[in-house]
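Participant: Here it is, the structure in full.
Values in this text are rule-based calculations from the coordinates and carry no lab data. If you're wondering where the values come from, they're calculated on a predicted model, not measured in any experiment. Glycine also receives a Cβ, built like all others from the backbone with ideal geometry; neighbour counts cover every protein chain displayed.
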Amino acid sequence: MPTIDNYAVFGHPISHSKSPLIHHLFAEQTGQQLSYSAHDVPAEVFKAQTDEFFKRGGKGLNCTVPLKELAWEYADHLSDRARISKAVNTLTLQADGGILGDNTDGVGLVNDLTRNHQLELFGKRLLILGAGGATRGIMAPLLACQPSQIMIANRTVSKAETIVSEFTGSNNLSSCNYADLPGQQFDLIINATSASLSNQLPALPDTLLAKSGCCYDLAYSNQPTAFVVWGQTQHAAKSLDGLGMLVEQAAEAFNIWRGIRPDTLPIITLLEQARQTSRLPT
Ligand code: ATR
């Protein structure tokens, strides 16, 4: 009897995770046989649970908040983009038994921005709010799109400075704190702060978004996030949340594991429809 390959996502909390649904939809679409389950794994037991997962024959593992840095430490080998981001969201069992760590978040974001929403990043002025793990994960793929400028604004400016210093050779990269933002304008503002998770927002000046500029929140929710609402009030051409990025980063992981790239648009459309429905009063 053929065995089914096992995949999973570890995180804490994890009950809200859409990853099992997304990967099962990918498997159905591409005719792949696999199982994918979600597990609540606090940081303290991450190593033991991950050892156990791969010992039991697991083929690949996604890691989400707060485990991405631990997954980076866990991996035997790292892709270039994972090495530089210091965060891993995809672990893969290799033929030699080693575990490869990759980070598909940044490419997921760029694919959502450029393919799904037809946003041009070349020559544009980008502002990233926040300087934590989420920002690290998206830096290299964003820089590869050759924007004219990326500024990282953070409450604790030293963390933004550290990220800037790690991307030496990128002279269009700078850091600041929120108080420095008045007087500046950007074509795309990306919210990578965890403030979004509690629906909060750093104070932002009303002049920050250029005419026809766009906003993108890495977080997603059934209701518009505080940052998506801010973008709407600033008349952003598009004010988007991270649902598309979620599907795109999953597609990249699926491709690493199965060697086939799912068609993401029908899955994003389906999830969009599902959340529209769940927003309706019962
Ligand atoms: P993640 O892995 O999601 O990036 P993180 O590494 O803990 O999480 O980083 C969280 C980011 O959100 C940080 O940039 C944090 O700012 P500080 O470095 O100054 O702590 C930012 N953040 C969290 N809550 C915030 C808030 N209420 N206002 C502004 N920034 C906030």
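Participant: From the square roots a ≥ b ≥ c of the eigenvalues of the alpha-carbon gyration tensor of the stretch 215-282, which class results: rounded (a/c under 1.5), prolate (a/b over b/c), or oblate?
Facilitator: oblate
Participant: Please give the calculated 222 nm ellipticity per residue for the chain, where each DSSP H segment of at least 4 residues contributes -39500 (n - 2.57) and the sum is spread over every residue; nearest 500 deg cm²/dmol?
Facilitator: About -11000 deg cm²/dmol.
Participant: How much length would be gained if the chain were fully extended between Q200 and N255, taking 0.36 nm per residue of separation minus their Cα-Cα distance, in nm to one decimal?
Facilitator: Value of the extension gain: 16.4 nm.
Participant: Find the lysine pairs in the chain meeting two conditions, Cα atoms under 20 Å apart and a separation of 8 or more places or different chains, and report how many there are.
Facilitator: 13
Participant: Quote the relative contact order of the stretch 106-241 in percent (integer), defining contacts as alpha-carbon pairs under 8 Å separated by 6+ residues.
Facilitator: After rounding, I find 21 percent.
Participant: In addition: Quick one: order D51, D5 by neighbouring beta-carbon count within 10 Å, fewest to most.
Facilitator: Ordered by Cβ neighbours within 10 Å, fewest first: D51, D5.
Participant: Once label points are set 7 Å from the Cα along Cα→Cβ at both D96 and D180, what is their separation, rounded to one decimal in nm?
Facilitator: The answer from the label model is 4.3 nm.
Participant: Please give me the summed charge of the neighbours of G242: other residues whose Cβ is under 12 Å from its Cβ, Lys and Arg +1, Asp and Glu -1.
Facilitator: Net of charged neighbours comes to -4.
Participant: Let me ask you something else. Scan the stretch 20-95 for trypsin sites (Lys or Arg not before Pro) in coil per DSSP, keeping those whose Cβ has at most 11 other Cβ atoms within 10 Å, and list them by number.
Facilitator: R56
Participant: What base-10 log of the normalised intensity I(q)/I(0) is obtained for the stretch 52-133 from the Debye formula, alpha carbons as equal point scatterers, at q = 0.16 Å⁻¹?
Facilitator: Results for the stretch 52-133 at q = 0.16 Å⁻¹ read -0.69.
Participant: Counting only complete DSSP H runs, which helices of the chain cover 20 Å or more along their long axis at the Cα atoms and score a mean Kyte-Doolittle of -0.5 or above?
Facilitator: Answer set is 243-258, 264-279.
Participant: Sorting T156, T264 on the 10 Å Cβ count, fewest up front, what's the list?
Facilitator: Taking fewest neighbouring Cβ atoms as first place, the list is T156, T264.
Participant: Also, quick follow-up: Pick out which of A250, A95, A48 has the largest mean-square fluctuation in a Gaussian network model of the chain, springs linking Cα atoms closer than 10 Å.
Facilitator: Between A250, A95, A48, it is A95 that shows the largest mean-square fluctuation.
Participant: Based on the alpha-carbon gyration tensor of the stretch 106-241 and its eigenvalue square roots a ≥ b ≥ c, which shape applies: rounded if a/c is under 1.5, prolate if not and a/b is larger than b/c, or oblate?
Facilitator: rounded
Participant: Follow-up question, since we're still on this one. Between T3 and T156, 0.36 nm times their residue separation minus their Cα-Cα distance comes to what?
Facilitator: Full extension of this stretch gives 50.1 nm more.
Participant: Under a GNM of the chain (C-alpha, springs under 10 Å), which listed residue has the highest mean-square fluctuation: G97, G213, G137?
Facilitator: For the chain, modelled as a Gaussian network with Cα springs under 10 Å, the answer is G97.
Participant: First select every other residue whose beta carbon is under 14 angstrom from the beta carbon of I267; then total the charges, Lys and Arg +1, Asp and Glu -1.
Facilitator: Value of the local net charge: -2.
Participant: Then there's this: So, counting K/R as plus one and D/E as minus one, what does the shell of residues with Cβ under 9 Å around I84 add up to?
Facilitator: Surrounding charge for I84 is +2.
Participant: Pick from V157, V107, V88: which residue has the top mean-square fluctuation in a GNM of the chain where Cα pairs under 10 Å get a spring?
Facilitator: Judging by the Gaussian network model, the answer is V157.
Participant: Quick check on the exposure proxy: order T233, T3 from fewest to most C-beta atoms within 10 angstrom.
Facilitator: Ordered by Cβ neighbours within 10 Å, fewest first: T3, T233.
Participant: How high is the relative contact order of the chain, in percent, counting Cα pairs under 8 Å that sit 6 or more residues apart?
Facilitator: Averaging sequence separation for qualifying contacts and normalising by length gives 15 percent for the chain.
Participant: Please work out the C-alpha center-to-center distance from the stretch 67-131 to the stretch 212-282 and express it in whole Å.
Facilitator: 17 Å
Participant: Stretch Q118-S165 to full length: gain in nm at 0.36 nm per residue minus the Cα-Cα span?
Facilitator: Taking 0.36 nm per residue and subtracting the Cα distance, the gain is 13.9 nm.
Participant: May I pose another question? Let me know the charge dipole size of the chain about its Cα centre in debye, to the nearest 20, where only the beta-carbon of Lys, Arg (+1) and Asp, Glu (-1) is charged.
Facilitator: In debye, rounded to 20, the chain gives about 280.
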